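Contents: one structure, followed by commentary.
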Amino acid sequence: MQQRLVADYEPVSRGLTAYELDYREWRLGRLSKAGAKTAAGKLHAVVAAAIGRIEQDQATGETAQAKKLLLAALEARRSALAAAPDGESYPRDWNRAVVDARRALTLMQDIRDRARLIPLPEDSVS
């Protein structure tokens, strides 16, 4: 169950690198606001697709709680990406996404540790 959740979330982790580089360029004034909006739109689409996949994943017990945290992270990330990056809600929603995603990964890793299963990659969920 955990591997399916991570696999369904993983495109978001991959897309974050490009987005965060564009976001940094925008903050440094080297990317227009329109360019930043385009980058946000691309990641927004990836996030929306991940939400759809994860909602369909089966999860029970503690893994269901991890799924709930991943979905909360994705919803917060989607909300942040829909807002202007210089808006008031952006940092709050973005930071909530980071916290919830890390909590989900930690919970899944704890489950795997207790079951003596192969660890999840640390960068699976960002």
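Each value in this text was obtained by applying a stated rule to the coordinates, not by laboratory testing. All values derive from a computational prediction rather than experimental measurement. Here the Cβ positions follow ideal geometry from the backbone for every residue, glycine too, while neighbour counts run over all protein chains shown.
What distance in nm separates the simple spin-label points at Thr106 and Thr60, each placed 7 Å from Cα in the Cβ direction?
Distance between label points: 2.7 nm.
Please give the charge dipole size of the chain, origin at the Cα centre, charges +1 on K and R Cβ atoms and -1 on D and E Cβ atoms. Round to the nearest 20 debye.
So the dipole magnitude of the chain works out to roughly 120 debye.
Give me Val98, Val46 sorted ascending by neighbouring Cβ count inside 10 Å, so fewest comes first. Could the numbers behind the result be given before it?
On the way: Val98 16, Val46 21.
Starting with the residue having the fewest Cβ neighbours, the order is Val98, Val46.
Among the aspartates and glutamates, select those whose C-alpha is under 19 Å from the C-alpha of Lys42, and discard any that sit fewer than 8 residues away in the same chain.
Reachable aspartates and glutamates: Asp8, Glu10, Glu20, Asp22, Glu25, Glu75, Asp86, Asp93.
What net charge do the residues around Glu62 carry, taking every other residue with its C-beta under 13 Å from that of Glu62, with Lys and Arg at +1 and Asp and Glu at -1?
With Lys, Arg at +1 and Asp, Glu at -1, the neighbours total +3.
Can you sort Ile111, Ile54 by how many other beta carbons sit within 10 Å, fewest first?
Values: Ile111 18, Ile54 22.
Ordered from fewest to most neighbouring Cβ atoms within 10 Å, Ile111, Ile54 come out as Ile111, Ile54.
Among Leu28, Leu107, Leu81, which comes first, second and so on when ranked by fewest other beta-carbon atoms within 10 Å?
Leu28, Leu107, Leu81
Please compute the modelled spin-label separation between Ala48 and Asn95, points set 7 Å along Cα→Cβ, answer in nm with one decimal.
Each label point lies 7 Å from its Cα, and together they span 2.8 nm.
Considering only the other residues whose Cβ falls under 14 Å of the Cβ of Lys42, what net charge follows from Lys and Arg at +1 and Asp and Glu at -1?
The answer is +2.
Take each uninterrupted DSSP H stretch in the chain, measure its Cα extent along the helix axis, and return the ones at 20 Å or beyond whose mean Kyte-Doolittle hydropathy is at least 0.0.
Helices passing the filter in the chain: 33-56, 61-82.
Please return the longest range in the chain lying between exposed loop sites, taking trypsin sites (Lys or Arg not before Pro), DSSP loop only, at most 16 other beta-carbon atoms within 10 Å, and leaving the sites out. Could the numbers behind the result be given before it?
Working: sites that count: Arg30, Arg116.
The segment 31-115 is the longest one with no such site.
Would you tally the net charge around Leu31, using a Cβ to Cβ cut-off of less than 9 Å, leaving Leu31 out, and scoring K and R as +1, D and E as -1?
Net local charge, Leu31 excluded: +2.
Please give the calculated 222 nm ellipticity per residue for the chain, where each DSSP H segment of at least 4 residues contributes -39500 (n - 2.57) and the sum is spread over every residue; nearest 500 deg cm²/dmol?
One gets -27500 deg cm²/dmol as the mean residue ellipticity at 222 nm.
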